[in-house]
1. What residue among Phe138, Met1, Leu72 has its Cα farthest toward the positive end of the dipole of the chain, where the charges are +1 on Lys, Arg and -1 on Asp, Glu, each on the Cβ?
2. Mean residue ellipticity at 222 nm from the helices of the chain, using -39,500 (n - 2.57) per DSSP H segment of n ≥ 4 over the full residue count, to the nearest 500 deg cm²/dmol?
3. What is the magnitude of the charge dipole of the range 1-45 about its Cα centre, with +1 placed on the Cβ of each Lys and Arg, -1 on the Cβ of each Asp and Glu, and no other charges, expressed in debye to the nearest 20?
4. Choose one answer from Asp35, Asp102, Asp59: the residue with the largest mean-square fluctuation in a GNM of the chain with alpha-carbon springs under 10 Å.
5. Distance between Cα centroids, the range 193-207 to the range 1-69: provide it in whole Å.
6. I'd like the projected area of the range 2-79, averaged over all directions, using the convex hull of its alpha carbons. Report it in nm² with one decimal.
7. Counting other Cβ atoms within 10 Å, keep those with at most 11, restrict to DSSP loop, and tell me which GluC sites (Glu not before Pro) in the range 161-212 are left.
8. How many Lys pairs in the chain lie less than 20 angstrom apart by Cα atoms, where the lysines are 8 or more positions apart or on different chains?
Amino acid sequence: MKLYSFAQSSASYRVRIGLALKGLEAEIIPISLLDNSHQSEEYRSINPQGRVPFLVDGDVRLSQSLAILDYLEETNPASSLYPETPYERAKCRAFAHVIASDIFPLQNLSTRKKLAADFGADEAAQANWSADWIAKGFASLEHELCRENKIADNGYLFAEYPTLADICLVPQMRNARRYGVDLSLFPRLVSFDAKASEHEAFTSTAPETQVG
């Protein structure tokens, strides 16, 4: 199994966490988003979308972090990445998609480059843009946690073990800190992030542990 990954990529980090939680090993192949390695002809011959992460498992070729994590779940069901009941599984997916589908695309590198190229947004303006969208998304997630009275002392977000929701939250919290989001507004998210961030699967695959 091979995983094309960029150390600082939130989406890549998600998949690395998932692999670690399931005890699966993959060869990590660094693809930099900073020097345009992801746009090279060689890499696009592997992944036409030119993004990371990208998983190769035998004849399987998969892009998109959540699709990759679902593949890992279905092919290696032990140490599930989901809660046990259908309703909790659906809520877990919804939480993850707020981050992966609503928040993340509006603050990722390609979006920030477009803001700079088309609208002349400097780094400060890009950071403000990113922080605003992260805060809006976090506000809805915090509200849901408050409404259901979920607290980290009782476990992870949707189970007694980390699930897809925790996998998405931790990388996004790193982005929030990077862009100066006022996290005092989201105490429950902060507490769940702190809990998951201490888990070995999260610490052993964090950006600072990666090469390239």
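Read-outs: derived from the displayed coordinates by stated rules, not from any lab. Keep in mind that what you see is a predicted model, and the values were worked out from it rather than measured. Glycine also receives a Cβ, built like all others from the backbone with ideal geometry; neighbour counts cover every protein chain displayed.
1. So the residue furthest toward the plus end is Phe138.
2. On the way: 10 runs with 111 residues, N = 212.
The per-residue figure over the chain is -16000 deg cm²/dmol.
3. Charge dipole, the range 1-45, about its Cα centre: 260 debye, nearest 20.
4. Its mean-square fluctuation being the largest, the pick is Asp59.
5. Going from one Cα centre to the other spans 19 Å.
6. 4.8
7. Loop-located and lightly packed - Glu198.
8. Values: Lys2/Lys22; Lys22/Lys195; Lys91/Lys136; Lys91/Lys150; Lys91/Lys195; Lys136/Lys150; Lys150/Lys195.
For the chain, the number of qualifying lysine pairs is 7.
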